[in-house]
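For reference, the structure is listed below as structure tokens.
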Amino acid sequence: MSRLSRVVIGLLLGSITFVVVACSDPPTKEMNQAQGAIDAARAAGAEQYAPEEYRAAVAALQRSHDAVGQRDYRQALNYALDARERAHDAARSGAEHMAQIRSDAEQTLTALTLATESARTRFTAADAAHIPADQLVVLREEYEHAQTDLQKARAELSQQHYAAARDLARNARDRAQAVVFQLNAAIDAKTGHRPVRRTGR
């Protein structure tokens with residue numbers, strides 16, 4: 001056997017030995033990397049904003065641990081790599097979803113602020129129109145509730161609870177807009193004002 005042949009055979013045997021050794025130990029490094037990626041995804045809000053992807057990453061890592069318990073280290077490696085990839089996807093998806101909800105919350109808060117300001121103006125107009133106070137009691141209560149929820153929504157937003165801020169602001173906005181509508185109707189009925197209707201041809 002030539003020296004070159006012996007070298008080639010030695011390299012092949014070395015490669016085979018490396019593969020065997022690599023598969024004979026738990027993929028600790030990859031499993032730790034997967035756990036780190038999952039922790040980072042959770043810190044980025046994936047557990048709340050990308051729950052399906054996050055749970056899939058956690059489940060894949062658990063399967064990796066189960067495979068280690070069964071001494072199936074090759075399968076454990078595959079699961080660990082899958083868990084790491086899924087965690088990265090969860091972090092990315094969570095960040096995108098969180099940004100969208102934050103934008104929705106901010107826009108809804110702006111609409112709520114405008115609605116409460118409009119309601120305050122219409123209450124002044126209602127007083128000028130001499131609408132009896134007892135007719136405005138319920139509307140004033142609704143207005144106060146909307147104002148309270150506006151402050152709560154702002155607090156939730158400042159604490160990065162974007163979904164809670166959005167939902168609070170959305171409900172309060174609808175109530176405030178309803179108050180404006182009813183105030184306008186009451187003022188129109190009192191003053192005899194009727195909106196101009198446009199007819200199409």
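Laboratory data are not the source of any read-out in this text; all were calculated from the coordinates shown. A quick note: this is a predicted structure, and the numbers were derived from the prediction, not measured. Here Cβ is always computed from backbone atoms with ideal geometry, including for glycine, and neighbour counts include all displayed protein chains.
Out of contact with any helix residue (DSSP H, G or I) (no Cβ under 7 Å at 6 or more places or on another chain), of a type in the set (G, A, S) and free of Cβ contacts under 8 Å to residues at least 40 places away in the same chain: does that describe A189? Break it down into steps so the answer makes sense when it comes.
On the way: out of contact with any helix residue (DSSP H, G or I) (no Cβ under 7 Å at 6 or more places or on another chain): yes; of a type in the set (G, A, S): yes; free of Cβ contacts under 8 Å to residues at least 40 places away in the same chain: yes.
So A189 passes the test.
Residues that are surrounded by fewer than 16 Cβ atoms within 10 Å (Cβ to Cβ) and acidic (D, E) within the range 25-58 comprise D25, D39, E52, listed in sequence order.
For the range 25-141, please list each of the helices (runs of 4 or more DSSP H) lying entirely inside it that holds at least 1 residues being under 30 Å from V179 (Cα atoms).
On the way: elements: 28-43, 46-49, 51-69, 73-128.
Because the criterion is at least 1 residues that are under 30 Å from V179 (Cα atoms), the helices (runs of 4 or more DSSP H) in the range 25-141 that meet it are 73-128.
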